[in-house]
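Shown next, in structure tokens, is the structure this report addresses.
Read-outs throughout are calculated quantities, based only on the coordinates presented, and are distinct from any laboratory measurement. If you're wondering where the values come from, they're calculated on a predicted model, not measured in any experiment. Here the Cβ is made from the backbone with ideal geometry for all residues, glycine too, and neighbour counts use every protein chain on show.
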Amino acid sequence: MLLIKRITIENFVCFNRLEIEPTTNPDMPLTVIRAENGSGKTTLLRAIRWGMYGERALPGNARNFSLHPADWQPDAQGIRTMVSILFETDGSSWQHLEGQSKRAAFELRRTVRTEKTAPGRSDRPDFRRIDETAYLQQQRADGSWKTHDGGADAVVEELLPWELRDFFVMDADEAADYVGGSENKTMDRHQVIDKTTYAVSALLGLDTFRKAEDRLKKISNEFGRNASRATGDRKLAERQAELDRSREELDRITARVQSNVETKTDVQDKLDRARGRLEKAVGNIHAHDQLKQRMADNRESLQKTQQRRRRALDELGAGIFDISLFGALASGEIQSVRERLQPLYDDGSIPVRHVEFVKSLLERGECVCGQPLDARSKFGRRVQESVSQSSSQKEKANWLSDVLDAANTLHSYRDGMAWRHACAEHETELGDLDNDLRELEAVKREIDFKLKQVDDQEVQVSRDEIAMLEKQLEGIQRNLGADDIEAGSLRKKVNKLEGTIRDQQVRAREANEHRRNKSIADLLVRILQGAYASIRGDQVAELDLQMNRLFRQMASNVTDDATAENDQGKATLAMIAKVGLRPLDGDDDKYEIFALNSRERSMPPTEINGASRRILALSFVLALCKASRTRAPLVADSLLNFMSGSVRTNTLRVTAETASQPILLLTGSDLESERDAELVARHAGASYTLTGQWQHESEGGDVLRMTQAGKVSLLCHCGPRAYCDVCERQGQSEKTGWTRRRDGVHRQ
Amino acid sequence: MNTFRATFAGRSDGLVLPSADKEKIDTYVAKQSRIRGDVESVPFPRQVDFWAFSICAALAMNLPPKDGVISRWGTRFIYAYQGILDENLSALLAVIAAARMGHDHPDVDNPARIIELANRLAGSGCPVVLQKLSEDTLRTTPLDRVISFARSLQDRDRFNE
Amino acid sequence: MEIEISRLTNIDRIAQEIERNAKAIAPEYGIAPSEAVLLLMKIVDMEDQNSVTPVHGINMRIKGMIQDAARNSQPSGDR
């Protein structure tokens, strides 16, 4: 519910300052603003629209449209235009439904400053508007005001959507767009349908439903996708099976390891016991080993000593055929030879050294003493004979000489001392070696004795057992090592699989959650769809009925004559049997307004006359507001144009009775009939008259008094059958039923 | 002194030991010279060593060379040309011959006569040596006995001197 | 922004229809009709606001609301 409480306009075209307080009395909801054509009705409507929507509400090229007063004398400061709309809302929303309303007052204030600009091109305005601001204030409980957080434009769009402007600030000519446009306007059908559909959807909330449904469907799909993505149940089962297998394998290995460890313990125990037995058997296993080692060392020493003894014996034995022994044993013969041959050597007999010299003397023929040595001399012949004999003895003499040399050499062995020393040395060494050997033998016997104390058989049995057990233990250890590696890798695998499965389970849970979310989203979609279908079906049907009912109310008691129109050939109200709203064939979400004749033939808008179109459009607007519980002001201009007689009265009555807060801008002629005047008097909680001062008598108009210089429009409180100094026109004082008012003049 | 060894090495004279003592000799001479047996019980590695020792024993004991036709009492165990006589032994044989024959004996440088003399000395020394070797006293070995004998021969020499 | 004024003049009827449908359908989804109505009205209202001034993170917010509702309810099959 939205009610306008006050509209204040400053410096807007023909208004210097103007303040309207529409009625909020539910029993007299109609506010009438009477104005003759050209007095500023349309400007007032435009001012309200500008206040609501800003520049876009201005017609044509908004930049060129001048908002500033026509009588403004441009100066350096420029001029500030302001429209303020004070309204009240009951705060209807889903949060506070009926009975829980929270009444709140807001003031929407829009201002702009107009500056004069240097003259430019002829097609450019010589002004510019700057600093347009719109702000919204909300009244606190204590009556003070605060700026609303939502922002003016957003709130306006929320409350009075631009697209639905004709529902709140209606130019009847434009409202006729719902039925194909006003008299001089032709619209494409799809535009009409779009406009109608938008209005129906917006006011019934179907558009929001549709958007919410679409969004929820998308969200549901997203949840579905997420669920699918997170599921992977098949893989989970596979992995679970793999995990089970791995766990079984791990259990098997663990059991095997356990068994091996037990066996190992047993074997280790057996080994310990076998070692114990061995130690007991040998006294001390290490001592036994040492004995063995000593024995080996002893054996080696014995061998070495025996080898040395053999060498010593060899050397001693070699003495019995050594020349040093022979030389000593043959010393007699050697000495004898030396004694006999040395003289021969000394006298030169051995070897034969002089013979060659004597031969040379014989060849020379003269001895060293000077005697002749020729054959003729006796001396010479004797020497020749001696030389011949000596030559024959030469070989033997040389032999003997060698024998002497040998005897002299061998003589050195004559005393046998060298041989004796050598023998003595060898014999001493042999004696030592024999002692060593005896000692070694003694040691050997001792070790043998000790070793014999050990029960070799038992030791061997223990040793064999130990070796066997050690081998067994080694095997077990090897198996344990291999199992350990295998178990390690299996454990890793199991851990990994468990992690993966955990993740997958988490994802599965997530998938469930997503599915659950999707299910909720689907539920919401279904509810929305159901509600949407109901609203669309029921409320549109309701709207359809309502529209027809309103139309029929406005068209009741109508004869063709009553519609004072010139558009001959067009369908009149009387020809329209039924009107309404219907979904478009093939598209349930689009709607169009229809009119049927008595034969239930659809009548295209172009076939319907202007008044009928207005009534049709108005019935749609009013029906839709009613059907959608839209309680908002209806500021309407030109509503009753082209209407006369009972149609005008009916329309006025229906509007006054149906709209929440009708604010109608009417001309004097609209209120000519007594019925209409009475109707207004009955329903109007507030009445105003707008008078354009430029319509003064001096300007060729019929306004009697120029109350203020300048071409401004003035507002007064005069109702349909009243006039005052501000609005009095020629002849009004003479008309019956008219009264002069002297109070409550609104003027700036 | 290479001359002596060369002289004998060029001869085909055989070295002889008494045939009657062959078995006993074999007891004290190793069968195969290269394989050293038990030196203590078999002191002589070769027959020539026993032969040389017998010659020297005969000399030390002033035994006359064994008479008679050598082939009748002796057995050749090797030929001189087989190089069995080393330089020292060859020279000693020459010195012995010079001493026993006299330096002016025409055969003093005759290798055949020198070896013959040596064979005859060995023939007379051999039984004595065998006798000494076979004197089985307690805890002595043939090697002990032959060395002891050699030592006693030298003492005899010194005594003689 | 606290909703004090709404474009949705048809709100009563909308709430009424949503409630009627929720009562018929919600139980089979394991969710209390009142909760579904509240949730949906919040969503419709947010959508309505969004058509005027974009509501930041509207999808995330609606998803969050649905998730909360899903968490706070159990599917009928689980009961």
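Brief remarks follow.
- In terms of surrounding Cβ atoms within a 10 Å radius of their Cβ, A:W72, A:W694, A:W145 rank from fewest to most as A:W145, A:W72, A:W694.
- Alpha-carbon gyration tensor eigenvalues x 5, square-rooted, for segment A:509-630, Å: 43, 13, 10
- Order of A:S360, A:S644 under a 10 Å beta carbon neighbour criterion, fewest first: A:S360, A:S644
- Across peptide A:201-214, the mean count of Cβ atoms from other chains lying within 10 Å of each residue's own Cβ comes to 5.
- Inter-site label distance for A:R245 and A:Q457 at 7 Å from Cα along Cβ, in nm: 5.8 nm
- Solution diffusion estimate, µm²/s, Stokes-Einstein, segment A:631-739, Kirkwood Rh from C-alpha pairs, 10 °C, viscosity 1.306 mPa s: 107 µm²/s
- Alpha-carbon centroid distance for the pair segment C:11-66 / segment A:643-685, whole angstrom: 42 Å
- Overall form of segment C:16-76 per C-alpha gyration tensor (a/c, 1.5; a/b vs b/c): oblate
- Per-pair calculated FRET efficiency, R0 = 51 Å: A:S602 and A:Q505 via Cβ, rounded to 0.05: 0.20
- Antiparallel %, DSSP beta bridges [both residues in chain A], to 5: 70 percent
- For chain B, the membrane-span-like helix rule (DSSP H, alpha carbon extent of at least 30 Å along the helix axis, mean Kyte-Doolittle at least 0.5) picks out B:111-133; this says nothing about an actual membrane.
- Taking θ as phi - 60° and the Karplus parameters 6.51, -1.76 and 1.60, the scalar couplings of segment A:715-721 work out to 10, 9, 8, 6, x, x, 10 Hz in sequence order, x denoting glycine and proline.
- Annotation: amide H-H contacts under 5 Å for A:I608 (H modelled 1.01 Å from N, sequence separation of 5 or more, or interchain): A:A571.
- Förster-model FRET efficiency, 60 Å R0, A:D297 and B:S12, C-beta, rounded to 0.05: 0.60
- Charged-residue dipole, Cβ positions (Lys, Arg, Asp, Glu), the protein assembly as shown about Cα centre, Debye nearest 20: 460 debye
- Sequence-separation-based contact order of segment B:23-140, relative, with Cα cut under 8 Å and 6+ spacing, percent: 34 percent
- Taking Cα atoms only, the orientation of helix A:285-318 departs from the longest principal axis of chain A by about 30 degrees.
- Taking segment A:100-211 and dividing mean pair separation by its residue count, relative contact order in percent (alpha carbons under 8 Å, at least six apart): 14 percent
- Within straight-line cross-link reach of A:K590, lysines at Cα separation under 19 Å, skipping those fewer than 8 residues along the same chain: A:K195, A:K211
- Computed from the C-beta positions of A:A375 and A:D347 and an R0 of 22 Å, the FRET efficiency is 0.20 to the nearest 0.05.
- Sequence-distant residues sharing a close amide H with A:H696 (under 5 Å, placed H): A:G701, A:V703
- Low-density loop cleavage sites - GluC sites (Glu not before Pro) in segment A:566-672, where at most 15 other Cβ are within 10 Å (DSSP): A:E600, A:E672
- Stretchable slack from A:W145 to A:R682, in nm (0.36 nm times residue separation minus alpha-carbon distance): 189.8 nm
- Between helix A:355-364 and chain A: long-axis angle, C-alpha atoms, 0 to 90°, nearest 10: 70 degrees
- The Rg/Rh ratio of segment A:385-475, with both radii computed over alpha carbons and Rh defined as the Kirkwood radius, is 1.69.
- Point-to-point label distance, B:D86-A:D484, nm (Cα→Cβ direction, 7 Å offset): 7.2 nm
- Among B:G74, B:G125, B:G102: highest mean-square fluctuation, GNM of chain B, C-alpha pairs under 10 Å: B:G102
- Our summary gives chain A a relative contact order of 22 percent, counting only alpha carbon pairs under 8 angstrom and 6 or more residues apart.
- Per-residue Cβ neighbour rank within 10 angstrom, fewest leading, A:Y178, A:Y345, A:Y413: A:Y345, A:Y413, A:Y178
- 0 to 90° range, to nearest 10: angle between helix A:331-346 axis and chain A longest Cα axis: 80 degrees
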